[in-house]
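Read through the structure below, which is laid out as structure tokens, and then see the notes.
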Amino acid sequence: GMPEQPPKFAEWLLCQFLLRRNQSVVLGDFEEIYHDIREKKGTVNANLWYWLQILRSFPGFVLNTVYWGFVMFHNYFKVSLRNIQRHKGFSFINIAGLALGVACCLLISLWVLDELSYDKFHTHADLLYRVEADQDYSGRIMHTISTPAPLSAALEEEVPEVLFATRFTRFGGLQLSYEETSFFEEDVRSTDPSFFKMFSFPLLKGDPLTALQEPFSIVISERMAQKYFGEKDPLGQVILAENKFEMIITGVIQKPPANSTIQYDWIVPFVFVEQNLRRMPEGWADAISNFVLLREGSSVSEVDRKLNELIRKYKGPDIKTSYLLHPLKRLRLFATMGEGEVVGNIRYVYIFSIIAFLVLLIACINYMNLSTARSAIRAREIGLRKVVGAQRGNIIRQFFGESLLYTCFALLLALMLTAFFLPVFNMLTGKQLSLSILGTQSVLLAVIGITLATGLISGSYPALLLSSFRPARTLGSTLGSKPKSSFFRKTLVVVQFSLSVFLIIGAGVVYTQVEFMKSMDVGYDQEYVLLIPMRGDVGRYFPALKSKLLQSPRFLGVTAMGRRPDNIRDYARDVSWEGKDPNMDVRVIFAAVSYDFPETLGLSLVEGRSFSRDFPTDEKQGFLINEETEKLIGKESALGTSFNMFGRKGRVVGILKNFHFQPLRNQIQPLVLLLAPNPYWLGNIVIRLRPGNINPNLDFIEKTWKSVVPGYPFEYEFLDKNFDLYYWREARMGSLLGYFSFLAVFIACLGLFGLASFTAEQRTKEIGIRKVLGASVSSITLSLCREFAVLVLISNLMAWPLAYWISRNWLDNFAYRVNLGPTLFVLTGFAALAIAMSTVSYQAIRAARANPVDALQYE
């Protein structure tokens, strides 16, 4: 039969160790010796010998490979460094462009990672949920996070999957005083003792299990302990709440981390607020937030089912609200309100991730473009290498090595830029990001990943294009104005400028929408309107304060209301009127106000009258409604219609012209105003000042306040200053988009500058000949600029449809929005063209003004 061959795998391994030209000789020799041993000592010995030879050559092979690999790497490194040194301008443009791209990507990545990290620090983060509700109004679903106060205790008792449940809610803050220090504190939350068993908020002092056991206990943050007690140990101290309740400090807690959706400075037991402040609604009304911690392995859908059964047991079987659990880890990004309005940040996470990618892509395109543009210069070097015996693989490796080297330099520069711009970025985003996050394993991997990806993407085209040159062609002629590669370069420029134009339009749309909302008529004058919060029992002193202020001619009106006039959100369901369809389920927004409310704000009446002391029945029976509510009632005129709300029966005395009482994302909804049955329904004093010098008026109010209202500090804000509070997301996004689109354009122009200088360099001879034949500087400049102008125009035409579609989608989130006319698009196009032309014309004029003799003397 056939002579037996050496082991196949062993042979293959041996081939890997050998140079290609030695393979057949060495394999032949080995086979001969193998057969010899096999005949004398048998197959086992022959196989042993063969394997032994391979094992003996292994260390040498490894050393050889490492050594030569190092030699080659050293060689590539030297060549790359020489290239960087020889072409300083190109290298600077390449490295600066990449560095800006990577820095921008790093900054946005820090922001995105921070957004994604919200609420994940809790030990049981995966098992924590908030109870939310979908309320059904005759088919219109409104989502709310308000749920009944007795729910937590019932869940813990009756649903076995729920390990712990707690109420957690803000209730309007507390007036707190200790010795001489007295402040009104907003960040007070009320919760149940199980709060510390569910959430990982460590107590620095005190016992988390008993801290909230007593109704008059209070837990205080480190920052507040410093503010009230200085160096003194706060544990066990007594602090006075609302000037009458003595609260004992039972714990000092760390301020929650910035990436926690649950924030607080003080925590008091829920029962204290319920029993002593009486600020919580009775019974099973949806009013507060409830959180649950489920047992391991529980089914959320099963808990949802039991939760709804439980609520129907207590609230009645025919309620039209369904309740559901929402994971704590998804609150920051995916929270929704009202009719499916996403108030979470997920949209912005997507938008900024895309921006980061686009800016980085623009930077990579620069690199590709400049590297391919210089292919003519590098072609000879490659030809020589191939003649000397370099394989295509070696050349590809060299180019990838080169682009990775560029990227490493760029990364170092990017890290410096990131550190430098981080404070500004934090100011813009309102975060406290720090570079220390780069030390964590996942982020470090991300940075290395971005760098490698950038190096490979930007090096891919030059490596594959340049390594494919044939030595005969590259050494025999000039190259590089090949139509194929110049077409590719033009395509890259078009892509770059399309992306830049797209970003500029995005920034423009956001800016115009924010400006539009700022300037929009809300139905009353917001200027010179002062708001003073009514804390604790300030309501008792309000009539005296009002009459004292109105004695002075400085004030045009003084009134009070429950919420702020620009953000009224309280709603009622139990509303009826004469002739209402009993099956119709409605939701109206209501506001409790005091006399002179429409007059002070400057609201106009369409019909009827305002609340008046001349009609004593107004106090218990009068209602003012807006035009939307009149539409809901469905009468030609709803004036005098009998109206019933909260069991309060009365009549509509006046109809107000529609005005905006919520941010402009929302349509104007039905609104009902009623006089507050007691001062505790009122939360803000509203004062309209006479236009003119504000400071003396403020001093006057403060003096009057101190004489009338004892024990409460005078705090105020102007109504029109609050715009930023409602539209901070949009305004912030607008400014960030503006900066990043500027960066994108700058990087694209860097590349354009390099390309223009290269084109001018390539056409030196042609320009020389044209000048000798009498062409003017302006005509030569024009011919060089024309090519780039066409590319920028094409970029605009490509970017506009996409920008229009995305802007349209974003604007759909606003009930009131700007019209997307062609103006913004055309202006952006002109701006891009002007920027590109100013970048290119410098090089073009320089080339056109050069002495033709220099260009032609080499012939």
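Against the main long axis of the alpha-carbon atoms of the chain, helix 346-373 sits at an angle near 20°. Amide H contacts of residue 137: 142, each under 5 Å away and 5 or more positions distant or on a separate chain (H built 1.01 Å from N in the peptide plane; Pro and chain starts excluded). Distances between placed amide hydrogens fall under 5 Å for residue 658 paired with 627, all partners being 5 or more residues away or on another chain.
Sorting the segments 629-637, 683-691, 742-750, 57-65 by their residues' average number of neighbouring beta-carbon atoms within 10 angstrom, most packed first, yields 742-750, 683-691, 629-637, 57-65. Counting only protein heavy atoms and using a 1.4 Å probe, the accessible area of residue 495 comes to about 50 Å². Overall, the stretch 308-368 carries a charge dipole of about 260 debye about its Cα centre when +1 sits on the Cβ of Lys and Arg and -1 on the Cβ of Asp and Glu, all other atoms neutral. Which of 244/620; 227/706; 227/548 have a Cα-Cα distance over 26 Å? Result: 244/620; 227/548 exceed 26 Å.
When +1 charges are put on Lys and Arg Cβ atoms and -1 charges on Asp and Glu Cβ atoms, the dipole computed for the stretch 702-859 relative to its Cα centre reaches about 300 debye.
Projecting the Cα atoms of 523, 512, 550 onto the charge dipole of the stretch 512-564 (Cβ charges, centred on the Cα centre) puts 550 farthest toward the positive pole. In straight-distance terms, cross-link reach from residue 197 covers every one of the lysines whose alpha-carbon lies under 22 Å from its own, apart from those fewer than eight places away in the same chain; here that gives 120, 205, 255, 329. Peptides 111-120, 576-585 ordered by packing proxy, namely the average of other Cβ atoms within 10 Å per residue, highest first: 111-120, 576-585. Considering helices alone, the calculated mean residue ellipticity of the chain at 222 nm is -17500 deg cm²/dmol, with DSSP H runs of length four and up weighted by -39500 (n - 2.57) and normalised per residue. Dipole of the chain (Lys/Arg Cβ +1, Asp/Glu Cβ -1, origin at the Cα centre): which of 641, 709, 356 lies farthest to the positive side? Going by the Cα projections, it comes out as 356. Taking 0.36 nm per residue of separation and subtracting the Cα-Cα distance, full extension of the segment from residue 350 to residue 609 would add 88.2 nm. Convex hull volume per residue, computed on the Cα atoms of the chain, equals 281 Å³. In straight-distance terms, cross-link reach from residue 431 covers every one of the aspartates and glutamates whose alpha-carbon lies under 12 Å from its own, apart from those fewer than eight places away in the same chain; here that gives 114, 115. Placing unit charges on each Cβ (+1 for Lys and Arg, -1 for Asp and Glu) gives the chain a dipole about its Cα centre, and among 852, 369, 819 the Cα reaching farthest toward its positive end belongs to 852. Quote the FRET efficiency, to the nearest 0.05, computed for residue 210 versus residue 25 with a Förster distance R0 of 60 Å and r equal to the Cβ-Cβ distance. Using R0 = 60 Å, I get an efficiency of 0.10.
Across 86, 587, the residue with the most accessible area heads the list, and the full order at a 1.4 Å probe is 86, 587. Taking all protein chains as shown and a probe of 1.4 angstrom, residue 185 keeps an accessible surface of around 10 Å². Each Lys and Arg adds +1 at its Cβ and each Asp and Glu adds -1 at its Cβ; summed about the Cα centre, the chain shows a dipole of about 4020 debye. Set the Cα radius of gyration of the stretch 32-112 against 2.2 N^0.38 Å, with N its number of residues, and you get 2.26. Residue 620 contributes an accessible area of around 150 Å² to the protein surface, as traced by a 1.4 Å probe with all chains present. Per-residue 3J(HN,Hα) values for the stretch 237-244, derived from phi via the Karplus relation 6.51 cos²θ - 1.76 cosθ + 1.60 with θ = phi - 60°, read 6, 9, 10, 8, 9, 6, 6, 9 Hz in sequence order (x marks Gly and Pro). Relative to the longest principal Cα axis of the chain, at what angle does helix 723-762 sit, 0 to 90 degrees, rounded to 10? It works out to around 20 degrees.
Each residue of the stretch 612-624 was assigned a 3J(HN,Hα) from its phi angle through the Karplus curve 6.51 cos²θ - 1.76 cosθ + 1.60 (θ = phi - 60°); the sequence is 9, 5, 5, 10, x, 5, 3, 4, 10, 10, x, 10, 10 Hz, with glycine and proline shown as x. For the peptides 650-660, 363-373, residues were scored by their other Cβ atoms within 10 Å and the scores averaged per peptide; the highest-first order is 363-373, 650-660.
Counting only aspartates and glutamates at least 8 places from residue 490 when in the same chain, those with an alpha carbon closer than 20 Å to its own are 761, 787. In this simple spin-label approximation, residue 424 and residue 226 carry label points 7 Å from Cα along the Cα→Cβ vector, and these lie 2.9 nm apart. Using the Cβ-Cβ distance between residue 306 and residue 567 with R0 set to 35 Å, the FRET efficiency works out to roughly 0.50.
The values are calculated or read from the model by the stated rules, or taken from the named source; none is laboratory data. Note that the coordinates shown come from a computational prediction; the quantities given were computed from them, not determined experimentally. Using ideal geometry, Cβ is built from the backbone for each residue, glycine included, and neighbour counts are taken over all protein chains shown. We work out accessible area using only protein heavy atoms, side chains counted, and drop any ligands, DNA or RNA first. Shrake-Rupley method; radii C 1.70, N 1.55, O 1.52, S 1.80 Å.
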